[in-house]
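S.K.: Just passing along the structure, written as structure tokens.
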Amino acid sequence: MSLGEGLRMAWRALAANRMRAGLTMLGIIIGVAAVIALITAGQAATSSVTSSVQALGSNLISVTPVRSAGVILYPEDARWLLEVVPQIRADAPLVEASVTASYETVSWSTTLIGTTPAALAIEGRKLAAGRFLDAQDLRLDRSVAVLGQTVAQNLFPGRNPLGQTVSVNGTEFTVVGVLQSVGGAFGANADNVIIVPISAAEWVAGTTELTGIEAEARSAAIAPLAVAQITAVLNHRFATTNAAAVISQDQILSTLSTVTATLTLMLGGIAGISLLVGGIGIMNIMLVTVSERTREIGLRKAMGASRRAILSQFLIESALLSLAGGAIGVVVGIALSLLLTHLLGAGGVSLSAVLLALGFSLLVGIVFGIWPAANASRLDPVQALYHS
Amino acid sequence: MTDVVRVEDLRRTFRTGAIEVQAVRGVSFAVTEGAMVAIMGPSGSGKTTLMNMLGCLDRPTGGHYFLGGEDVARKGDDALARIRNRRIGFIFQSYNLLPALNALENVELPLVYRGLAAGERHLLAAQALSEVGLGRLTSFRPYELSGGQQQRVAIARALAGTPDLLLADEPTGNLDSASGEEVLDLFLELHRGGRTLIIVTHDEQVALHCERIIRLRDGEVLLDQPVDARQRRTKGDLGSRAVAP
């Protein structure tokens, strides 16, 4: 019996039981569509995280002192670091504190960041209105503030915040600028900030200890060297082996990529489980089919069908069921992916996901079809023929 | 005349746990080419078991079965499947047509397992259908045909592969007397055409169409004798009563 003959036979058997075939395929359809759509979602997450990290500035190096190792940095250490590490072209000290900002009757929980004018360029941020901190603000100890988009929108809905006075934990600041939005990833919202001169932040936070220093390497190529140099000078100065966590943009990116790749794999895996469940559904229905068609199997054997012919007939039937489900699932999955891509603004249909899902569905049909088909092929011709 | 079928001391014992049933206990006979033989017996006489063995659906537990001179009693499953496919044509009481296939496709079934190409299959199947007088009903599904027509499709299916032996199991059992006569007429015609036929039945009137009757009882041959020429039915004539109970 040829494959074409087998396919024709299987098609007829499935067409004779459309409702059942359709419901059985549903398991595979959902599985395949889920694999494709979730992989797209994972890839969309990857690309949006990557692009938002890249938006933070291309040669950014972040230095976080390890307090448990007794390392405490002060604002003047940022100037010192710039002098002793030739690979960096600029740096900015950071003092961060959780605060409540209020304007008139509206209050808003946000993060206060005290820094220097250099931070704007280092982080690659852009202003939406007004100006950023300048050297005069620091020198004259001015109480000025630059608001992130989230803060601006919540404290001044539909109004111009420039020139207004916001109260941050009781200290008043005049708003001189508003930052453009950069979006955020993993809950860290770079738009929910108030940036003030570092000296002013010290009053609010009540300490001059730095949360960290942000530095800018002279080039992307030199960034790893800058990381090594910063690590070395800090370790030397504090006579320890882990004075600070020094991480370059590249490292953050590769860490995040690993995380999101794992996420994508996990999502695909979860969807894969539903494919497996669909396969069990196929096995179940094929077992039912075989027992319902016992007489037909007996007749075919009486007509000279070998075990092999019966085995392949039912195997082709389950594979066709699964592959047809897979094909419909691909169409549904691509439609879902396009919808997700539209909603998330990133993603796109992954060809490898489509092929993987289709291949896996065929495999599922064959693997879960083997047992019922083997049962059919092993039937005794006499018992099958006189089965009632 | 050569023997198409020759069985020697054929036995079949069924074992279910500790219980042993000897369904066929040492049956011997031969059927020559072109013969038309009836195997008769009441239920429990072993005639169905014997027929299953003659049709290579079942293997004897003892004795020999020569089909066209070759002992097939100890053949494996695949060899038996091949023999059923090429050398035996089955006709069942309940026709056993596949409802999803039309008449032509049903007749093609054994040819599919013979590996013939579609064109050749169509040709042979159409010929067989014409031979049973259904040349014009090739595209009808079984449920669109009368019982007699369905049985004729089944006969065409048995003929299509030009087997050595036609094996019919109560072929008129499900038919009214008129359709039964048609089927028996067809058998007589095939017999005149030189086909070898074995009909298993418990109906005396059906058996009287054959040249010879082998009577079984309790798994053994009770009587094996030719049908008296004066009693022999040479045309489908089952009397006025229905054939099957």
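S.K.: Which numbered condition in (1) modelled with pLDDT under 90; (2) open to solvent by less than 60 Å² (accessible area, probe 1.4 Å); (3) within 14 Å of A:V35 (Cα to Cα) is the only one that A:S352 fails?
M.R.: Status for A:S352: all satisfied but (2).
S.K.: Across the stretch B:20-67, what is the total count of residues that are touching a residue at least 24 places away in the same chain (Cβ under 8 Å), closer than 15 Å to B:T201 by Cα and assigned to a helix (DSSP H, G or I)?
M.R.: The total comes to 6.
S.K.: Same structure, new question: Exactly one of these conditions fails for B:G55: (1) over 30 Å from B:G180 (Cα atoms); (2) open to solvent by less than 50 Å² (accessible area, probe 1.4 Å); (3) of a type in the set (G, A, S). Give me its number.
M.R.: B:G55 satisfies every listed condition except (1).
S.K.: Still on this structure: Would you list the helices (runs of 4 or more DSSP H) that sit entirely within the stretch A:1-90 and hold 2 or more residues that are farther than 30 Å from A:A319 by Cα and in contact (Cβ under 8 Å) with a residue 40 or more places away in the chain?
M.R.: So the answer is A:18-54, A:75-84.
S.K.: Tell me, which residue of the stretch A:290-343 that is surrounded by fewer than 24 Cβ atoms within 10 Å (Cβ to Cβ) and touching a Pro at 6+ places or on another chain (Cβ under 7 Å) is farthest from the other protein chains (Cβ to nearest Cβ)?
M.R.: This residue is A:V290.
S.K.: Among the residues of the stretch B:132-163, which ones are in contact (Cβ under 8 Å) with a residue 12 or more places away in the chain and in a loop (DSSP other than H, G, I, E, B)?
M.R.: Those that are in contact (Cβ under 8 Å) with a residue 12 or more places away in the chain and in a loop (DSSP other than H, G, I, E, B): B:V132, B:G133, B:L134, B:L137, B:T138, B:S139, B:F140, B:R141, B:L145, B:S146, B:G161, B:P163.
S.K.: Moving on to the next point. For the stretch B:58-88, give me each residue that is under 23 Å from B:T32 (Cβ atoms), within 14 Å of chain A (Cβ to nearest Cβ) and in contact with a Phe, Trp or Tyr (Cβ under 7 Å, 6 or more places away or on another chain).
M.R.: B:V72
S.K.: Return only the number of the condition from (1) aliphatic (A, V, I, L, M); (2) within 14 Å of chain A (Cβ to nearest Cβ); (3) in contact with a helix residue (DSSP H, G or I) (Cβ under 8 Å, 6 or more places away or on another chain) that B:M51 does not satisfy.
M.R.: Among (1) aliphatic (A, V, I, L, M); (2) within 14 Å of chain A (Cβ to nearest Cβ); (3) in contact with a helix residue (DSSP H, G or I) (Cβ under 8 Å, 6 or more places away or on another chain), the lone unmet condition for B:M51 is (3).
S.K.: When you go through B:R141, B:R157 one by one, which is the residue that is within 13 Å of chain A (Cβ to nearest Cβ), more than 18 Å from B:E181 (Cβ to Cβ) and surrounded by fewer than 24 Cβ atoms within 10 Å (Cβ to Cβ)?
M.R.: B:R141
S.K.: Hey, another quick one. Consider only pairs whose beta carbons are under 9 Å apart and that are at least six residues apart or on different chains; among these, list those whose first residue lies in the stretch B:69-83 and is free of Cβ contacts under 8 Å to residues at least 40 places away in the same chain and of a type in the set (D, E) and whose second residue is open to solvent by less than 10 Å² (accessible area, probe 1.4 Å) and not in a helix (DSSP H, G or I).
M.R.: From residues that are free of Cβ contacts under 8 Å to residues at least 40 places away in the same chain and of a type in the set (D, E), the pairs are B:D71/B:Y65.
The values are calculated or read from the model by the stated rules, or taken from the named source; none is laboratory data. On a predicted model such as this, the values are computed, not experimentally measured, just so you know. Positions of Cβ are generated from backbone atoms using ideal geometry, with glycine treated the same way; all protein chains shown enter the neighbour counts. Note: areas computed on protein heavy atoms with side chains; ligands, DNA, RNA excluded. Shrake-Rupley method; radii C 1.70, N 1.55, O 1.52, S 1.80 Å.
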